[in-house]
Amino acid sequence: MSSTLGSSIGKKLLMSLSGLFLIMFLVVHLTVNSFLLIPDGGEFFNAGAHFMATTPAIRLIEPLLAIGFLVHILWGVKLTIENRRARGNARYASGKKTTGVTWASQNMLVLGITVGAFLVLHIAQFWVKMKLTGDPLLDHTTISIGGVETEVENAYALVNTTFSYLWIVVVYVIGAIGLAIHLSHGFWSAFQTIGFSNEIWRKRLTVLGNIFAWLMGLGFSLIAVLQYFFYQG
Amino acid sequence: MENTINIKLKVWRQAGPKAKGRFETFELKNISTDSSFLEMLDILNEQLINKGEEPVAFDHDCREGICGMCSLYINGRPHGPDDDVTTCQLHMRKFKDGQTITIEPWRSAGFPVIKDLIVDRGAFDKIIAAGGYVSVNTGGVPDANALPIPKPNADEAMDAASCIGCGACVAACKNGSAMLFVSAKVSQLALLPQGKVEGARRAKNMVAKMDELGFGNCTNTGACEVECPKGISLANIARLNREFLSAKAQD
Ligand code: HEM
Ligand code: SF4
Ligand code: FES
């Protein structure tokens with residue numbers, strides 16, 4: 001087993017599986033975020049956040065998510081370092097004129113670091129406040145979940161206030177676009193890595209991957225932008 | 001009517017593996033646009049020899065695109081500006097009068113320079129050797145239809161088998177990865193009944209040797225496929241991943 005994961009293809013397998021796992025997480029995350037756009041003063045979003053915070057199965061997934069990120073980041077850096085060594089120090093004086101190679105595919109680490117930097121801010125702004133330090137904005141509010149009056153944290157107030165700052169919205173849009181470009185290569189690449197691709201599926205996966213990537217990127221961006229412009233006050 | 005061009009060459013010169021290399025420039029006059037790139041280099045070397053200077057060392061053999069011996073990174077691309085050809089098949093009509101042509105060796109840690117434009121591609125031979133033997137049943141000649149092979153499989157195997165081991169894929173790769181080459185060598189046998197018995201072992205050993213020799217990890221950029229003179233497809237890399245991972249899963 002160690003020789004499998006230690007091999008070049010094995011290391012790529014870890015990148016691919018962790019990447020696909022993070023992709024599934026993104027789908028759930030964007031779905032919950034889309035509740036922010038329901039104009040009900042945040043009731044539905046708070047119910048969603050409450051569900052995410054209290055359901056045992058989801059709390060179990062949280063550490064798994066942290067591991068997924070850690071594996072993806074550590075191996076991503078490791079692979080990139082190894083690949084630079086394999087390439088060697090000598091550069092081509094006449095440059096690289098190979099056509100048809102996407103920019104994203106050549107800059108996955110830079111794009112990943114963009115997403116990672118955003119992630120640090122994101123975790124500090126929400127996860128830390130909701131799980132560790134607390135925040136006055138999170139003061140409990142009562143909503144009705146399926147007819148039952150329930151007291152929940154006012155996550156909506158925290159998100160809404162955070163998105164009232166222009167610089168935060170700008171950083172979110174940059175992070176989301178970085179993610180979209182990362183996934184415009186990452187999506188199909190993950191399937192290629194596990195061997196699920198051929199002449200026909202490659203075309204399908206690249207089209208699907210681009211649609212998915214920009215759905216995620218524009219989805220996350222749009223929610224932040226709309227919150228800033230139309231959901232304040 | 002014969003057209004001729006005058007060109008300026010910027011050629012990588014390096015006395016030996018450890019020596020420090022540098023570019024040297026040469027002017028060539030009246031080069032026929034009908035000549036091949038290697039013939040142009042022959043003309044250069046003849047002039048150098050007549051002047052009592054050291055000729056430029058470069059690899060070549062068949063000069064018809066089948067042996068994989070010629071290499072050269074020309075004006076930013078392996079095998080030069082034309083698509084789907086080797087350097088020996090590249091014609092001088094692809095260049096303009098007065099153009100400067102930069103010629104460099106393959107650059108990758110797995111392919112160290114031996115002299116001038118010649119690099120050591122022995123690593124590819126070691127990977128092939130690691131693949132081991134293929135069992136073929138002996139005895140009488142089998143009937144033509146005794147071993148049916150679906151036409152699409154036969155075609156894909158033949159396409160994979162057209163890899164000539166030139167190393168352009170490695171030269172083009174930002175990761176110094178040899179995956180396109182290895183995937184072609186595994187695919188040409190993976191699709192056929194011959195050599196099925198050794199299939200799992202072959203995939204594991206060739207990948208292990210490729211890693212051991214320090215080639216990089218493929219990130220699916222696809223530069224290799226664009227620069228491969230034989231149009232070897234990235235689909236072969238997906239197949240190699242499948243073959244390798246399922247071989248490991250069986251252990
Ligand atoms: C939600 C966040 C992220 C998602 C959904 C994601 C997804 C993916 C996917 C699917 C791949 C393709 C894997 C493959 O080729 O088999 C990939 C590759 C990569 N990711 Fe991420 N990623 C994320 C964040 C990051 C971060 C924070 C980094 C930080 C360093 C990073 C670095 C990389 C690198 C370097 C690669 C290329 C590795 C390779 O192809 O060998 N990613 N990512
Ligand atoms: S895969 Fe193509 S570029 Fe690579 S060695 Fe074979 S023929 Fe040359
Ligand atoms: S010399 Fe044989 S392929 Fe070019």
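The values are calculated or read from the model by the stated rules, or taken from the named source; none is laboratory data. Bear in mind the structure is a predicted one, so any value in this text is a computation, not a measurement. For neighbour counting, all protein chains shown are included, and Cβ atoms are generated from backbone atoms with ideal geometry for every residue, glycine included.
If I filter region B:69-85 down to residues being part of a loop (DSSP other than H, G, I, E, B) and buried (at least 21 other Cβ atoms within 10 Å of the Cβ), which single residue comes out as farthest from the chain's Cα centre (by Cα)?
The first filter runs over region B:69-85 and keeps only residues part of a loop (DSSP other than H, G, I, E, B), leaving B:69-72, B:75-76, B:79-85.
Checking which are buried (at least 21 other Cβ atoms within 10 Å of the Cβ) leaves us with B:70-72, B:79-80.
On the way: B:CYS70: 8, B:SER71: 7, B:LEU72: 10, B:HIS79: 9, B:GLY80: 13 Å.
Step by step, filter region B:69-85, then rank; the result is B:GLY80.
Going residue by residue through region B:150-161, is there one that turns out to be at pLDDT 95 or above, closer than 23 Å to B:TRP12 by Cα and among the hydrophobic types (A, V, I, L, M, F, W, C)?
no
Where in region A:116-233 are there helices (runs of 4 or more DSSP H), lying fully within it, with 2 or more residues that are within 26 Å of A:VAL71 (Cβ to Cβ)? Steps first, please.
Values: elements: A:155-162, A:166-193, A:199-230.
Where helices (runs of 4 or more DSSP H) fall fully within region A:116-233 and carry at least 2 residues being within 26 Å of A:VAL71 (Cβ to Cβ), they are A:166-193, A:199-230.
I'd like to check something: does region B:6-20 contain any residue that is within 21 Å of the chain's Cα centre (by Cα), closer than 16 Å to B:TRP106 by Cα and aromatic (Phe, Trp, Tyr)?
Checking region B:6-20: at least one residue is within 21 Å of the chain's Cα centre (by Cα), closer than 16 Å to B:TRP106 by Cα and aromatic (Phe, Trp, Tyr).
Looking at region B:72-114 only, could you name the residues that are within 13 Å of another protein chain (Cβ to nearest Cβ), within 30 Å of B:ASN217 (Cβ to Cβ) and of a type in the set (Ser, Thr, Tyr)?
Once the filter is applied, which keeps residues that are within 13 Å of another protein chain (Cβ to nearest Cβ), within 30 Å of B:ASN217 (Cβ to Cβ) and of a type in the set (Ser, Thr, Tyr), region B:72-114 yields B:TYR73, B:THR102, B:SER108.
Find all pairs meeting these conditions: Cβ atoms under 7 angstrom apart; at least six residues apart or on different chains; first residue within region A:2-19 and facing chain B (nearest Cβ under 9 Å); second residue in a helix (DSSP H, G or I) and among the charged types (D, E, K, R).
Cβ pairs passing all conditions: A:THR4/B:LYS248; A:SER7/B:ASP211; A:SER8/B:ASP211.
How many of the residues in region B:93-147 are basic (Lys, Arg), in the same structural domain as B:GLY21 (by TED's automatic domain parsing) and in a strand (DSSP E or B)?
Total meeting the criteria: 0.
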